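S.K.: After the structure tokens below, expect a handful of questions from me.
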Amino acid sequence: MTKLLESISGPADLRRLDRAQLDQLAAELRAVIVETVAANGGHLGSNLGAVELTLALHRVFDSPRDVLLWDTGHQAYVHKLVTGRLDRFATLRQAGGLSGYPSRAESEHDWIENSHASTILSYAHGLATAFARRGLNRRVVAVIGDGSMTGGMAYEGLNNLGHSNTNVTIVLNDNGRSYAPTVSLLSESLARIRVNPTYMRRQRKLEEFVRDLPLLGEQLEKGLEGAKAALREIFEPPAFFEMLGVRYTGPFDGHDVEGLESALRNADQFDGPTVVHVLTQKGRGHKPAEDDPVKRLHDTGPTTKPGSYTAAFTDALIAAAERDPSIVAITAAMPDSTGLLPFGERFPDRLIDVGIAEQHAVTAAAGMAMGGLRPVVAIYSTFLTRAFDQINLDVGLHGQPVVFCIDRAGITGDDGASHHGVLDMALLTKVPGMTVLAPSSYQELAVMFDTALSITDGPVAVRWPKTAARQVGPDEVGSGLAARRVRRGDDVAILAVGKLVEAAEDAARILADQGVEATVWDVRCVKPLDPAMLADAARHPLVVTAEDGIREGGAGTAIVDALAGLSDARTAPPALVLGVPVAYIPHGNADAILADLGLDGPGIAAAVLRARTAAPVSAE
């Protein structure tokens, strides 16, 4: 029997299906997603929970004429499958295959790649405004969920939609979780308070006291009931949205296609923005994803791999926190993948999850530092850039000793262009007073974290990649802010940052076979640069820098500027800066991408030989 999913070439095919066929299709979609994610990795729970919702959306609205927008985009696997991409779905997150997020390059049904949360309502406002001004009868639907409502930009979008009375249907996909349990009062009802024993005892005492008052008791009792009703209206979802000028409907069962279709059609009849509040179960239909509260809901595989840089950070943080009770850890809804769950288990009152609110996380950290705490902000490089203004002006300008622990720095691999962390060094090195450290091994990270905590006159950033950390002996670990010379040679100096130290060592061995002897330095401290390293590099006839960050304005250009400014150097040596180009790099294996960019051992060696051939140099 031919699978029903194989007969779906586009959204129009969904509209001919009856209820039984929709149930069959939902089961097939879940099976394909589980199978593919098991093989390729990816976002499991959010997509299993959005199956019926996606079917209803595509049966009611006419994509791509009507615009379906997803926040975050990692819940759009079902959307991909029903918009003609089944035959390529097995390539999900593979080099040259489908992106793990919507992609304009893949399909006319994909309007944006939205992997940074809380942005979709602003997109929706802009698109709907453009359609209205051009007289186009095209509907805009924004699906927001998975914790995205905790981000401040979502509130900005809601406020502007309500103020402008723009026609947008907002589907609030409420599954109660982001990467970790959602940090927001929006999805909590007063029922949680009303079942609190302390609250109930105090309420009864107050009611008895009011009731027994002579003459005024009956009137005051009625007033108390009215106040309780008003509080319910203030804190429950209808009032929250309607105070912003956004109509609220729901909540509706997010796994009832027929009911969802009715709710969506009704909402589409209203003028102005309308919220359709949908309750879904993350991980629905796959028991491991339903049962595990964190690990199997977001990205598959171990959240913190043993021997990884993240694992080294976890161990170092817990050890430091044992010694120093002022240390607190801050996450923006990602305690699992940034390695903070073990810390939270050991110190539950010292782990602060602010939700998907990176800007708030950074400024709150500045306040905590001002108040005498030692805040450690654990964050992905790609998300750190959302809060650069706060890093620069709230932390840097005030000289606060906030420690930024930056995971997934450099080329990250299979999550695509929006997840590569290539801007952090170029940006952070421009913040006055900022110290930037980059470990090249598991053992280096622990040393650098302790160094970061010892600096009290300004912020410190420690950045590391997603890829595996190499293990080294005690004699291959540096200290403090000093660089570490790995190898001596006279023909070329290679100054490498972070994980590219290993590639530089490979390059040096390749060059030695060609008769070229290289000095290799592990830069370790990108800012401030080690004067001893610079002085040694200046004696070579050629200097090459290598980093897994953006080349323009990054570590290498800072090194070249510093070499040119050495007072005891008559002329700066020729220099070659190797790094990531200014481009949006597609997804693929991280090391393969670096090799394609010439940032592996053979690539660095080849660049050195080309430079020597173009401008022949000899050792002095």
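S.K.: Order by neighbour count: Cys525, Cys405, fewest other Cβ atoms within 10 Å first, most last.
M.R.: On the way: Cys525 22, Cys405 27.
Ascending Cβ contact count within 10 Å gives the list Cys525, Cys405.
S.K.: So, counting K/R as plus one and D/E as minus one, what does the shell of residues with Cβ under 15 Å around Pro325 add up to?
M.R.: +1
S.K.: While we're looking at this one, here's another question. Whole-Hz Karplus ³J(HN,Hα) for the range 269-274, in order, using 6.51 cos²θ - 1.76 cosθ + 1.60 and θ = phi - 60°, x for Gly and Pro?
M.R.: 7, 7, 7, x, x, 9
S.K.: Could you please report the charge total around Asp424, scoring K, R as +1 and D, E as -1 over all other residues with beta-carbon less than 15 angstrom from its beta-carbon?
M.R.: +2
S.K.: Compute the separation of the alpha-carbon centres of the range 343-386 and the range 440-482 and state it in Å as a whole number.
M.R.: Between the Cα centres of the range 343-386 and the range 440-482 lies a distance of 20 Å.
S.K.: Just in the range 66-128: which trypsin sites (Lys or Arg not before Pro) are loop by DSSP and have at most 16 other Cβ atoms within 10 Å?
M.R.: Those that pass, being in a loop and sparsely packed, are Arg104.
S.K.: Please list the non-local residues whose amide H lies under 5 Å from the amide H of Val171, H modeled 1.01 Å from N, same-chain partners needing a gap of 5 or more.
M.R.: Ala142, Val143, Ile144, Val276
S.K.: Continuing with this model, one more query. Near the amide H of Arg470, under 5 Å away, which other amide H atoms are found, from residues 5 or more places off or on another chain, if H is placed in the peptide plane?
M.R.: Amide H neighbours of Arg470: Tyr442.
S.K.: Hey, fewest Cβ within 10 Å first, where do His163, His419, His360 land in order?
M.R.: Lowest to highest Cβ neighbour count: His163, His360, His419.
S.K.: So for Lys305, Lys499, Lys466, fewest C-beta neighbours within 10 Å to most, what's the order?
M.R.: Lys305, Lys466, Lys499
S.K.: Relative contact order for the range 346-421: what is it in percent, counting Cα pairs under 8 Å that are at least 6 residues apart? Kindly include the intermediate steps, with their values, before the conclusion.
M.R.: Numbers: 93 pairs, mean separation 24.1, N = 76.
Once divided by the residue count of the range 346-421, the mean separation gives 32 percent.
S.K.: Please list, in order along the range 70-80, the HN-Hα scalar couplings obtained from phi with the Karplus expression 6.51 cos²θ - 1.76 cosθ + 1.60 (θ = phi - 60°), rounded to whole Hz, x for Gly and Pro.
M.R.: Each residue's phi maps through the Karplus curve to give 10, 9, 8, x, 6, 9, 9, 5, 5, 4, 4 Hz.
S.K.: Then there is this: Report ³J(HN,Hα) in whole Hz for each residue of the range 538-551, in order, from the Karplus equation J = 6.51 cos²θ - 1.76 cosθ + 1.60 where θ = phi - 60°; Gly and Pro get x.
M.R.: So the Karplus estimates, Gly and Pro as x, are 5, 7, 8, x, 8, 10, 10, 10, 9, 8, 9, x, 4, 5 Hz.
Since every read-out is calculated from the coordinates, none of them should be taken as a lab result. The model shown is predicted, which means the values in this text are computed figures rather than measured ones. Virtual Cβ from ideal backbone geometry, glycine too; neighbours counted across all protein chains shown.
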